[in-house]
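The values are calculated or read from the model by the stated rules, or taken from the named source; none is laboratory data. Since we're looking at a predicted model, the values are computed, not measured. Glycine also receives a Cβ, built like all others from the backbone with ideal geometry; neighbour counts cover every protein chain displayed.
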Amino acid sequence: MDKCTILLENSRSELLSTQIEHGLSLLIEVNNKKLIFDVGSTGIFYNNAKLMNIKLNDIQSIILSHSHYDHCSGLLSYLEKERIENLYVGKDFFKPKYALNDSTITYLGCGFDKKYLENNKVKIHEINTLFEIEESLYIVTNFKQHYEHEQIPQRFVHGELSNLEKDSFSDEVALIKKRKDGLTLIVGCAHRGILSIIKSINALFELDIDTVIGGVHLKDVSTQHLEKTNKELINLGIKKTYFCHCSGKRITEHLRQNSSIEANQVATGDIILL
């Protein structure tokens, strides 16, 4: 059975023995094959998997949604325990990422480079276009900006410290699970804007996205921003959402009160059938 298991996000579900942190890690099982989408900040997703009776010693491929630490740095711990063959990332993934607050600069990057991966015999796949990683499962990137209110905060920058530039999150990738009757979108943070990502992907497939899983970076946006997003999710034909991580709870509550969308708030330990 195809499914998505939340190995890690910011909160716990009813499996209270799990550990949590600011981060995201999802186990994707499609066609009896397992892949990991994001690996959290420190690698505690690995122990959480054990508590869920899930073995991760047969993982061959990991996909990283973008190179922020809370989605990637857990790879350092994972590779001390297990080996993988393939790592899938977007373009510009290895540009260091920072947060710029007044005169203070904070490193937010993944914590490793290409040489580290090569030393661990991991093959790097840089995704520049639509890529079918398994039958009916696609990695998607190159999201266009379609909505004026979906702006990336100025504080997110990348590059060398001597030449920092605004981060456009060109490295952001997402997953699409193709079903007979629609598409399921799996995102890490949706820094490019969840609506823009949906609209960009819908242009690539005959079917449209009707289900969204993951983080959508709406925790700190204005009420007006939430209302615009709510309205457009309805217009785009979204029927189910499973938000977590950086999404905040307000968007799920807003959808429950003001739309017919089945809005779910999910947490570490939850399983979603794909």
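Conditions tested, residue by residue: (1) in contact with a strand residue (DSSP E or B) (Cβ under 7 Å, 6 or more places away or on another chain); (2) surrounded by fewer than 18 Cβ atoms within 10 Å (Cβ to Cβ).
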site	(1), (2)
207	yes, yes
211	yes, no
237	yes, yes
247	no, no
253	no, yes
262	yes, yes
- Message: I need the full set of residues from region 4-45 which are in a strand (DSSP E or B) and farther than 23 Å from residue 83 by Cα, in order please.
- Response: 12
- For residue 132, which of the numbered conditions (1) surrounded by 15 or more Cβ atoms within 10 Å (Cβ to Cβ); (2) touching a Phe, Trp or Tyr at 6+ places or on another chain (Cβ under 6 Å); (3) free of Cβ contacts under 8 Å to residues at least 60 places away in the same chain fails to hold? (1)
- Message: Pairs please, first residue from region 83-98 and touching a residue at least 60 places away in the same chain (Cβ under 8 Å), second anywhere and buried (at least 23 other Cβ atoms within 10 Å of the Cβ) and among the small types (Gly, Ala, Ser), Cβ atoms under 8 Å, 6+ apart in sequence or on different chains.
- Response: 89/67; 93/67; 95/67; 97/67
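Does region 108-131 hold any residues that are within 19 Å of the chain's Cα centre (by Cα) and under 30 Å from residue 205 (Cβ atoms), and which are they? Break it down stepwise before answering.
Pass one, region 108-131, residues within 19 Å of the chain's Cα centre (by Cα): 108-112, 124-131.
Hits for region 108-131 are 110, 124, 125, 126, 127, 128, 129, 130, 131.
Is region 99-115 home to any residue that is in a helix (DSSP H, G or I) and either of a type in the set (A, V, I, L, M) or at pLDDT below 95 (or both)? Break it down into steps so the answer makes sense when it comes.
We begin by selecting, within region 99-115, every residue in a helix (DSSP H, G or I); these are 114-115.
Okay, now just the ones that are also either of a type in the set (A, V, I, L, M) or at pLDDT below 95 (or both), so none.
Checking region 99-115: not a single residue is in a helix (DSSP H, G or I) and either of a type in the set (A, V, I, L, M) or at pLDDT below 95 (or both).
Yes/no per residue for (1) surrounded by fewer than 17 Cβ atoms within 10 Å (Cβ to Cβ); (2) touching a Lys or Arg at 6+ places or on another chain (Cβ under 9 Å):
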| position | (1), (2) |
| --- | --- |
| 147 | yes, yes |
| 150 | no, yes |
| 157 | no, yes |
| 163 | yes, no |
| 168 | yes, yes |
| 184 | no, yes |
| 195 | no, yes |
- Item | Any chance residue 171 is at pLDDT 95 or above, part of a strand (DSSP E or B) and either of a type outside the set (Val, Ile, Thr) or more than 19 Å from the chain's Cα centre (by Cα) (or both) | no
